[in-house]
Amino acid sequence: MRSPAGEHFGSPKGKKPYSALLGLTGAIIACVVLYRIFLYSDNKETMKQDLGKRTAVQEETVGGEQKIEVIKVAPYTSGSITDYIARAAKATVLIETPWGSGSGFFVDNGCQVVTNRHVVHLDQRSVESLEAQKNRLKQIIDYEEQEIARAEEGVKHISPGVSREEVEEFIRIKKERLEVLKMKYQAFTSTLESIRYGSALSELKVSLIDGSQYIASIAQLSENYDLALLNLPESDCQFINPGKSNRSRQGDPVYTVGHPVGLRHSVTSGIISGFREHAGVRYIQTDAPINPGNSGGPLIDRNGEVIGVNTMILANTEGIGFAIPIEVVLNEFQLGSDFAE
């Protein structure tokens, strides 16, 4: 519908039809410009976040001056931590010896296993400790036998009011305990004989997560660290990729895989509590539980890479464990070129 003056109906008086069109076009252009500005700002922020995944900024004050160093950090790989733990569990083994058990893990597809030296080798002090335990056990056995002999003699001259059945039950319990003590004593004796005659080193039984078992041989024993390298009679094994412990930071999550007190392929989690120097060795301190049987197992990061070998705990404490950095292992056994990328 047109007005008498020939203008579009509803147009402001005195405006030409193309004026409204120009105004609408200008508004559209303004919206596009604003959208591009916001899109660039959002992309820029995303780029900053992505860059943050690949770099870390370390600040340090030296001589009153602040120094800032940008450190390249490997980006997180795709996958979930449960997938990484499952892979690490397949690469972690149980090591059984005549004197106990521990953990280890494959470091290459050639089936070489890293573990702690103390898991597979007993030094003289450890042997002397076993001897002392054996002697104490013998003293306990002698005492129990004397107690049983006195009780059996007492049954023959039992006093009025004392139940013969109670005394006989006491003797029965004592004898059962004595049998257990004698079995332990025999185990100590066999272990010490194996060590003395050198047969213990040929009895390193290694068990994989699928239940398969092998007899491993010792390839190297470190003279500098609590580390050992074993060989398995296989040619293809799933292994754990090495990480970079020096890229880890205090508070980063970590996980252990091992066989604490016989509970096979157990996983514990925690954080990196710090880094400690002891006797010239830099250790990774973690609150992830490390119990007897975990020794020699891997300490892995959230990318599923091994950054350390679980080695020891601080006596009479909880949540204070230590691992030898993986870089030490690579250097000690010259394994760097053996890892697949």
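Of the residues making up segment 251-262, just one is open to solvent by 40 Å² or more (accessible area, probe 1.4 Å) and hydrophobic (A, V, I, L, M, F, W, C), namely 261. In the set (1) under 30 Å from residue 234 (Cβ atoms); (2) open to solvent by less than 30 Å² (accessible area, probe 1.4 Å); (3) charged (D, E, K, R), residue 144 fails one condition alone, (1). Residues of segment 271-307 that are on the phi > 0 side of the Ramachandran plot and in a strand (DSSP E or B): 274 alone.
Taking residue 332 as the residue in question, decide whether it is assigned to a helix (DSSP H, G or I), among the charged types (D, E, K, R), within 22 Å of residue 217 (Cα to Cα) and in contact (Cβ under 8 Å) with a residue 12 or more places away in the chain. Yes; evaluated as a whole, the condition is true for this residue.
Screening segment 263-278 for residues that are of a type in the set (A, V, I, L, M, F, W, C) and open to solvent by 40 Å² or more (accessible area, probe 1.4 Å) and picking the one that is modelled with the highest pLDDT gives 271.
The values are calculated or read from the model by the stated rules, or taken from the named source; none is laboratory data. None of these values were measured; they are calculated from a predicted model. For neighbour counting, all protein chains shown are included, and Cβ atoms are generated from backbone atoms with ideal geometry for every residue, glycine included. Just the protein is used for accessible areas: all its heavy atoms, side chains included, with ligands, DNA and RNA removed. Shrake-Rupley method; radii C 1.70, N 1.55, O 1.52, S 1.80 Å.
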